[in-house]
Amino acid sequence: MRIDSRQAVQLLNSGGVVALPTETVYGLAASLKFPEAIEKVFSLKGRPADNPLIIHVAMIDQLIPYVKKRPPHFENLAQKFWPGALTLVLEANQEAVPDSVRAGLPTVAVRIPAHPETRQVLLETGALVMPSANLSGRPSATTAQHVIDDFGNAVPVLDGGDCLRGIESTILIYRELRWVIARQGAITPEELEKIIGYSPSMIKGSSKPLCPGQLYRHYSPKTILKPLDKEKEGVVVGFSDRSYPIASAVYALGKLSEPEAVAGNLYAVLRKLDTDGIAEAYIDWDFPEKGLWKTIRERLEKASSK
Ligand code: TXA
Ligand code: MG
């Protein structure tokens, strides 16, 4: 069911759960004032309780009750990237941020999203938790239809069109006197370095995760994804400016010259493999290693691992 922003505000302010558009991916929103709505977000997604949620607000001032300290460069990062696709993990005011939102951690993740309609909603609701609006483990939703495909009528959706970036926010956490990347995302390390003066290192999946939630399967279609094999006929996930002579079908992510567009199409392509009932597909891994391509590579790796 599609709703307008007035209905979204009403539902959220009376303890309901709705899906809202952001510039990254659609989010499954619940107000921080309603613990039972937050519980419903976990149960609707099938999300394990040890995977914490991001708090979204419309303006920095709305964060004051929830966070304790502002680490070095906080102001610069906020000024440069908010509203936008950056999430910051900060020391939480544990009385104000429910345990369930933090999954018991002493920290809280916060972001100001850039979608105009959702910012308007946030001004009228106050802080909302918003995990990506997909069933746990599945590719994120970048259109209202994707949300409806996952949740049917159980979740009313504010249709704000296709998500501009189509890939989740980059998550930064400050520890041992440096910002480190807890999740690669739409903002690149190169962009962050310009603000903080050093290239933030990446917390690798193989090292100890920040929270258990990061160990779970992510972004996966039902389709089994294998590396492209030039000898084998089959469905290829590749690029529209490259040819695949023996492919039986090509699911194009976009042009190699346009990583932003590839990131934007990624989840729609992974979801289409499923809706088309494709059992197996070959990924063309031959693409660049830097900037946004790193995030795209990481998502495809997670999507391929079962
Ligand atoms: O772009 C986005 O960030 C989207 C849109 C809707 O804003 N939201 C999103 O939420 O991707 P979700 O729940 O799908 O992913 C949030 C990630 C999870 O990997 C979770 O483990 C991590 O943020 N996270 C949340 N709180 C954290 C914390 N206190 N410390 C470390 N990681 C945290
Ligand atoms: Mg998610």
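The values are calculated or read from the model by the stated rules, or taken from the named source; none is laboratory data. In this text, all values refer to a predicted model and were calculated from it rather than measured experimentally. Don't worry about glycine lacking a Cβ; one is built from the backbone with ideal geometry, like all the others, and counts go over all protein chains shown. Each accessible area value is taken on the protein alone, full model and side chains, heavy atoms only, with ligands, DNA and RNA left out. Shrake-Rupley method; radii C 1.70, N 1.55, O 1.52, S 1.80 Å.
Here are some notes:
- The residue among 192, 270, 240 whose Cα reaches farthest toward the positive pole of the charge dipole of the chain, with charges on the beta-carbon of Lys, Arg, Asp and Glu, is 192.
- Ranked by solvent-accessible area (1.4 Å probe, protein heavy atoms only, all chains present), the residues 146, 218 order from largest to smallest as 218, 146.
- Area accessible to solvent at residue 170, 1.4 Å probe radius, in Å²: 0
- In the chain, helical runs assigned H by DSSP with n ≥ 4 each contribute -39500 (n - 2.57); averaged across all residues and rounded to the nearest 500, the mean residue ellipticity at 222 nm is -8000 deg cm²/dmol.
- Dipole magnitude of the chain about its Cα centre (Cβ charges: Lys, Arg +1; Asp, Glu -1), debye to nearest 20: 600
- Surface share of carbon and sulfur [accessible, 1.4 angstrom probe, percent] for segment 39-145: 52
- Sites matching GluC sites (Glu not before Pro) across segment 140-205 that sit in DSSP coil, with at most 14 neighbouring C-beta atoms within 10 Å: 176
- Dipole size of segment 224-304 about its Cα centre, with +1 on Lys/Arg Cβ and -1 on Asp/Glu Cβ: approximately 180 debye, rounded to the nearest 20.
- Ordered from largest to smallest accessible area (heavy atoms of protein chains, 1.4 Å probe), the residues 199, 169 come out as 199, 169.
- Label point distance in nm, residue 43-residue 230, each placed 7 Å from Cα along Cα→Cβ: 5.4
- The modelled label-to-label distance between residue 252 and residue 36, using points 7 Å beyond Cα along the C-beta direction, is 5.1 nm.
- When the alpha carbon gyration tensor of segment 1-58 is reduced to an equivalent ellipsoid, its three semi-axes come out at 18, 14, 11 angstrom, largest first.
- Probing with 1.4 Å while keeping every protein chain in the model, the per residue accessible area of the chain equals 44 Å².
- All Cα pairs of segment 2-196, percent lying beyond 31 Å: 10
- Total lysine pairs under 22 Å (Cα atoms) in segment 2-196, excluding pairs fewer than 8 apart on one chain: 5
- Descending Cα extents along the principal axes, segment 43-124, whole Å: 32, 30, 20
- Computed from the Cβ-Cβ distance with R0 of 35 Å, the FRET efficiency linking residue 7 to residue 302 stands at 0.55.
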